[in-house]
Each structure stands twice: as structure tokens, then as C-alpha cells.
Amino acid sequence: MLKVGDFSQLGQVSVRTLHHYDERGLLKPVKIDPLSNYRFYSLDQLPRLNRILALKDLGLSLDQISSLVEDELPPDQLRSILKMRRAEIEQQLREDRTRLARVEARMRQIEQENEPSPYEVTIKEVRPATVLSSRRTVPTIDQMPEYRCDMFQSAHDWLELNRLRPAAPELALYHMAEYAEENIDMEAAVPLNRIGLKTADGLTVRELPGVSKMVTTIHQGAFWDVPNAIVALFAWIGDNGYQSVGPVREIHLFGRENDVVNASSEAQFNINSVIMEMQVPVEDTTV
């Protein structure tokens, strides 16, 4: 048998916690000295303690834990519950990292408010292109990295399966007339040299129309600072008598987005320098 202090060391819980579990009937000592009232535990009780702690980490109440441990929850079922909880925590961490990157990007935007715009805006003609694309509605902006990764990966997997190479850098299109943080209509596309190809579910080959007047700028910096480039484009559009007439395009001059993501952690990806061309089709409002 082990004294309560030694058992607390073994189980990595405080003596106070063990006393509380005793009072709740969750884990009673195998012996209590009648003279000193000192509690003693056995090694055989360690698995039960570990189950209690694992279920507590899942966020369950002690009443819920009591019913589960009394029913002798099998190890396989406990592992399954813990895996589900781990997945939930990992998802929350991804969302928190994304939210942190957005906050930092907004801070940088505020710091640059009184500074001259670093973006040089030009107008050019863009020719039509055949693209392999996936278009989906992203429920929230926090889920954007997950959806983008899946959409681009599906396109490149299809290309690899059909032994084809992109004809130009991949691009993203945002089919929205205004800024949105929910239900974001987004398209991930890869230019092709061939038409008339059969595609899998979720992918389509289509003609991306040409644009006679495309307002463009180059963004080099953090991925989450891309909105600064978009702001610069629309400010220029308003100042020069134009209006937007189509989706914003994001050309990945740095290569494949998923290669960059896989090469570093998500947090690192948010601060790495990426180079892309931002485009907005326009028409002259003065004509």
C-alpha cells in the first residue's frame, strides 16, 4: 500500500484532490488508519484514477464521471473518447491561430494608416484561360485555411492522376460583391493547356473569361496581410473613376499554396513572405 502523499505523486494529483474524490465516492482509499485517520491507496487503483483524470480533461462533470467509471468504461472506448476530444482541441487551436493571425494583420494595417501605400497599382488586359476549378461556400473565415487546402489539393491530385501540369500559377477567385466573414463564395483554380477533359466530383473545367481592364497590384508579405492589397486596389478604383465588375482574383506567383503550408507550421505560414498578384476587373464609370 501507498500513503496518500506517495499515491498523489504517482498519480500526479494533489492530496486535496484525492480527498475530494474520496468524498464524492469516485476513488476511496483501500485503508484508513483508525487512529491517525491517514489514508492508504494501492497500485491497483491507479488505472481508475487515470480514467477519472482523462474524463475530467474531456470537460465532463464529476457526476458524469462517476457513472462512467462505475460502469467500468473499457479502455478502447476511453481511447476513442479521448481521440475525439483531441481532434476538437486541435481544431480549436487551428481556429485560434487563424484568429491570432487576423488580429496581427489588423494591427499592422492600423500602424500603416498614416503611411503612403506600398502598393503600385496598374491596369492591364488579361486573356481568357481554361482552368480546372473547385468552387465552394466557406461557412466562416476561420475555416478558410482548411477549405482552401482541400480545394487546391483536389485540383492538383487530379492533375497528377492525369499526368498534367498547370499552364500557369494557381489562383483563387472570390465571387462576392462585398466583404463577408460568413458564407464566402470562393473558387480555387489551376490553369490548363487542354479543354474537353472529364473531371471528378467537385471539380470542373471551365473558361475563365478575359478582362479588358484589370486593376492589379503585387503583394509580397504575410498571407493574412493580403486584405491590405485589396484595400489599396479598391481605394485606387474609387479615386480614378472606375467600379469593379467581377470577382477578385488572387494569383499565386509563389507557387502552390499547399507546398508552402506543408513546409512549415500554420503559424509560420502566416508570417512567411509570399508573392501574389491581386486583380480586380473594372469598367470606367465616366464613359
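The values are calculated or read from the model by the stated rules, or taken from the named source; none is laboratory data. On a predicted model such as this, the values are computed, not experimentally measured, just so you know. As a convention, Cβ positions derive from the backbone with ideal geometry for all residues, glycine included, and neighbour counts pool all protein chains shown. The accessibility values were calculated without ligands, DNA or RNA, using every heavy atom of the protein model including side chains. Shrake-Rupley method; radii C 1.70, N 1.55, O 1.52, S 1.80 Å.
Below is a table of values for the structure above.
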{"quantity": "Scan of segment 143-182 for residues that are open to solvent by less than 30 Å² (accessible area, probe 1.4 Å), touching a helix residue (DSSP H, G or I) at 6+ places or on another chain (Cβ under 9 Å) and not basic (Lys, Arg), ordered by number", "calculated": "Met144, Phe152, His156, Glu170, Ala172, Ala180"}
{"quantity": "Tally, over segment 137-164, of residues that are under 19 Å from the mean Cα position of the chain (by Cα) and basic (Lys, Arg)", "calculated": "1"}
{"quantity": "Close pairs from segment 13-31: first on the phi > 0 side of the Ramachandran plot, partner of a type outside the set (Phe, Trp, Tyr) and not in a helix (DSSP H, G or I), Cβ under 7 Å, at least 6 apart", "calculated": "none"}
{"quantity": "Residue that is nearest to the chain's Cα centre (by Cα) [pool: residues in segment 183-214 that are open to solvent by 40 Å² or more (accessible area, probe 1.4 Å) and free of Cβ contacts under 8 Å to residues at least 60 places away in the same chain]", "calculated": "Asn183"}
{"quantity": "Cβ-Cβ under 6 Å pairs, at least 6 apart or on other chains, segment 117-139 side under 22 Å from Gln243 (Cβ atoms), far side basic (Lys, Arg) and open to solvent by 70 Å² or more (accessible area, probe 1.4 Å)", "calculated": "Ile123/Lys213"}
{"quantity": "Matching option when the condition is more than 27 Å from Thr140 (Cβ to Cβ) and open to solvent by less than 60 Å² (accessible area, probe 1.4 Å), among Val15, Val30", "calculated": "Val15"}
{"quantity": "Identity of the residue in segment 112-142, part of a strand (DSSP E or B), within 23 Å of Thr217 (Cα to Cα) and of a type in the set (A, V, I, L, M), that ends up least open to solvent (accessible area, probe 1.4 Å)", "calculated": "Val131"}
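Rundown of residues vs (1) over 29 Å from Glu104 (Cα atoms); (2) at pLDDT 90 or above, yes/no style:
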position	(1), (2)
Val211	yes, yes
Gly221	no, no
Trp224	no, no
Gly238	no, no
Ser244	no, yes
Ile251	no, yes
Asn258	no, no
Phe269	no, no
Met276	no, yes
